[in-house]
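Visitor: Below is one structure. I have some questions about it.
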Amino acid sequence: MRIEILTFEGCPNADATGELVRQVVRSEAVDAEIEYINVETPDLAERLLFLGSPSVRVDGEDVEPSANDRTSYGLICRTYDYGPQVTGTPPIAMIRAAILRHLAV
């Protein structure tokens, strides 16, 4: 399994997101390659379909299921809607669900 953490330099939520991903990988005993991708330019953001920092993808799919419908890409901070919460990091349950979806494939 390949997990990508897409960020830009100075993102205040990048480290916390990386730790959340590592927690899930450890707790689920998943064999995963975790790769950080630094998105440096608006052009690269467009090419990578970068929804903002931090973004997490499991085998190329965003951890937030509703993200597939979005088309606004750029060097922006990202938020995650999870129930009544809006956070700057993907909730651990969202990361876990995405990983488990890809284990079932």
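Visitor: Roughly what would the spin-label model give for A104 and E33, points 7 Å off Cα along C-beta, in nm?
Guide: 2.6
Visitor: So for the pair E61, I76, with labels modelled 7 Å out along Cα→Cβ, what separation do we get in nm?
Guide: That separation, rounded to one decimal, is 2.5 nm.
Visitor: Once Rh for the range 2-103 is found with the Kirkwood sum over Cα pairs, what is the Stokes-Einstein diffusion coefficient at 25 °C and 0.890 mPa s, in µm²/s? Before the final figure, lay out the partial values.
Guide: Working: Rh = 13.5 Å.
The calculation lands on 182 µm²/s.
Visitor: Let me ask something else about it. Of L49, I92, L6, whose Cα points farthest to the positive end of the dipole of the range 2-103 (charges on the beta-carbon: +1 Lys, Arg; -1 Asp, Glu; origin at the Cα centre)?
Guide: The residue sitting farthest along the positive end of the dipole is I92.
Visitor: Tell me, what is the FRET efficiency for A97 and D43 to the nearest 0.05, using R0 = 30 angstrom and their Cβ-Cβ distance as r?
Guide: Values: r = 32 Å, r/R0 = 1.06.
For A97 and D43, the calculated efficiency is 0.40.
Visitor: Any idea what the dipole of the chain comes to, in debye rounded to 20, about its Cα centre with Lys/Arg Cβ at +1 and Asp/Glu Cβ at -1?
Guide: Numbers: 9 positive and 17 negative charges, 54 e Å.
Magnitude of the dipole: close to 260 debye.
Since every read-out is calculated from the coordinates, none of them should be taken as a lab result. These numbers come from a predicted model, not from an experiment. Cβ: placed from backbone, ideal geometry, glycine included. Neighbour counts: every protein chain shown.
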